[in-house]
Structure formats: structure tokens, C-alpha cells
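The values are calculated or read from the model by the stated rules, or taken from the named source; none is laboratory data. Note that the structure is predicted; figures quoted are calculated from it, not measured. Every residue, glycine as well, gets a Cβ built from its backbone with ideal geometry; the counts of neighbours run over all protein chains shown. With ligands, DNA and RNA removed, areas are computed over all heavy atoms of the protein, side chains included. Shrake-Rupley method; radii C 1.70, N 1.55, O 1.52, S 1.80 Å.
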Amino acid sequence: MEKIQCPKCNEISMKNGFQNNKQRYKCKICNKRFQLEYSYKAYNSDTNELIKILLKEGCGVRSISRIINISTKTVLSRMLKISKTIKSPYFQKLGCKFEVDELWSFIGNKDNATWITYAIERQTKTVIDFIVGRKTSENIKPLINKLLLLYPKCIYTDRLNIYPSIIPKAIHKRFQYCTNIIERHNLTLRTHVKRLSRKTICFSKNEKYLEAHLRIYFWG
């Protein structure tokens with residue numbers, strides 16, 4: 001008799017009735033109930049990984065819904081669930097050079113603009129962190145403070161008038177072309193993340209979905 005392993009803890013499971021004429025199983029250890037095959041694609045074990053790949057390759061929520069054959073609400077809920085398991089990388093190298101820039105998008109409708117401010121390390125192009133919200137000192141300062149903890153050699157920014165008040169003058173650089181690397185990264189972002197494209201009808205219905213998508217793209 002074939003032994004069925006639990007997908008959660010890999011222990012041996014036993015039969016536990018039928019659902020929609022398909023055999024169900026129950027784990028003896030963690031009590032998880034499952035089927036080997038599901039009619040609804042969202043329950044397949046590889047669905048979350050497929051959603052991550054499609055999000056990073058420029059597919060919108062409705063496109064993913066059509067490709068996987070699941071509802072748009074399921075795609076959005078899975079996107080939030082996936083993002084909560086992803087943490088920003090622990091960057092501990094000191095004395096690096098960083099670039100900080102802003103990228104605009106929309107929330108809800110095209111009359112409601114928002115900004116994505118993020119920082120990258122110049123050599124490795126690692127995204128250190130990002131924030132979504134208005135371009136104010138209160139919103140951007142936590143991001144800058146995170147960079148200052150790494151004792152940066154230089155922080156390069158554009159000429160936004162907020163930066164001089166929150167970045168020490170000795171390490172703050174903002175001359176022409178000093179943010180070329182992150183500006184090129186912005187172009188890549190707009191190419192790979194459909195909700196950030198310039199001429200599009202795709203945009204985030206809620207700020208939490210934009211943050212989840214960016215977290216998956218940067219570190220997923």
C-alpha cells in the first residue's frame with residue numbers, strides 16, 4: 001500500500017473520506033487534511049511560487065488570474081500572504097556608497113499619486129529598503145536613518161529639498177548624473193512591474209498591494 005506523506009510535516013497520512021468524489025487524507029501528527037489533486041488550481045502546492053514568478057515578469061493581477069485559472073481576489077490575497085513571509089535582507093557591510101531616489105505611481109485612481117522612495121547599494125545594487133507614501137521628511141527619514149546606521153561613505157540623491165535636512169552634509173552628494181545607477185533601476189522596475197508602467201491602466205487599488213508586490217520583486 002502506497003504511503004501518503006503530509007505536505008506540511010512530511011509524516012505518514014491516513015485516508016479521511018471523500019470530497020467531490022476525490023480521496024481526502026489526514027495527517028496523524030499535525031491533523032492537516034488534504035487531497036492529492038484539487039479541482040481549484042489555487043490549492044496546488046506550486047501556485048504561490050508561480051504567482052511570484054509571474055509578478056516578477058511583468059504580469060498584472062488579471063493576467064495571472066487568466067494564466068493560472070484562479071480568481072483575481074485569490075491572486076491578491078496570495079500576494080499579501082507571500083509578501084508577509086519575505087523579510088528585507090540583513091545588510092551589514094559598513095562604509096558603502098548608496099543611492100536614494102523616488103518613483104511615482106498611483107493608488108486607487110490616477111488622481112491619487114503616491115511615491116516609492118528606496119535605496120540601493122552602489123556596488124551590488126542591493127535594495128536596502130523602501131517606503132511608499134508622500135515625499136515628506138517624516139516618511140523618508142526612517143529610510144535614511146537605516147542607511148546612516150551602516151556608516152556610509154556617501155549617499156547620493158537628486159535635488160529634492162528634503163534630503164539636506166536629514167543627511168549629514170559631509171556624506172551627502174547630489175551633483176548631475178550621481179544617481180545614474182538607481183535611475184536605470186527605475187526603468188527596469190517600470191518594465192518588470194506592470195502597475196508601475198508609465199502609460200497604462202494598471203495601478204494599485206490599495207497601498208498594501210503595491211508594497212506587497214515591491215517586496216516580492218525586490219527580495220522574493
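Near residue 162, once Lys and Arg are set to +1 and Asp and Glu to -1 for all other residues with Cβ below 9 Å from its Cβ, the sum equals +2.
Give the label of the value calculated from the structure for Rg/Rh (Cα atoms, Kirkwood Rh), choosing from (i) 1.14; (ii) 1.10; (iii) 0.96. The value computed from this structure is option (ii). Relative contact order for the stretch 87-220: 27 percent, from Cα pairs under 8 Å spaced at least 6 residues apart, divided by residue count.
With respect to the chain, whose longest principal axis is taken over its alpha-carbon atoms, helix 47-56 is tilted by about 30°.
Heavy atoms only, 1.4 Å probe, whole protein assembly: order 83, 71 by accessible area, highest first.
Working: 83 10, 71 50 Å².
Solvent-accessible surface, decreasing: 71, 83.
When you count the other C-beta atoms within 10 angstrom of each residue and take the mean per peptide, 156-169, 20-33 line up highest first as 156-169, 20-33.
Averaging the Cα positions of each part gives two centres, and for the stretch 6-69 and the stretch 77-135 these lie 30 Å apart. Around the Cα centre of the stretch 1-43, unit charges on the Cβ atoms of Lys, Arg, Asp and Glu (plus for the first two, minus for the last two) sum to a dipole of about 140 debye. Within the accessible surface of the stretch 1-66, defined with a 1.4 Å probe on protein heavy atoms only, the carbon and sulfur portion equals 44 percent.
Given the pairs 97/135; 153/205; 87/199; 93/194, which span a C-alpha to C-alpha distance of over 27 angstrom in this model?
On the way: 97/135 22 Å; 153/205 39 Å; 87/199 31 Å; 93/194 32 Å.
Flagged as over cut-off: 153/205; 87/199; 93/194.
When only Cα pairs under 8 Å and 6 or more residues apart are kept, what is the percent relative contact order across the stretch 1-141?
Values: 163 pairs, mean separation 14.6, N = 141.
Reported relative contact order: 10 percent.
Counting only DSSP beta bridges with both residues in the chain, the antiparallel share comes to about 80 percent. Any number yet on Rg/Rh for the stretch 169-220, C-alpha, Kirkwood? That ratio equals 1.10.
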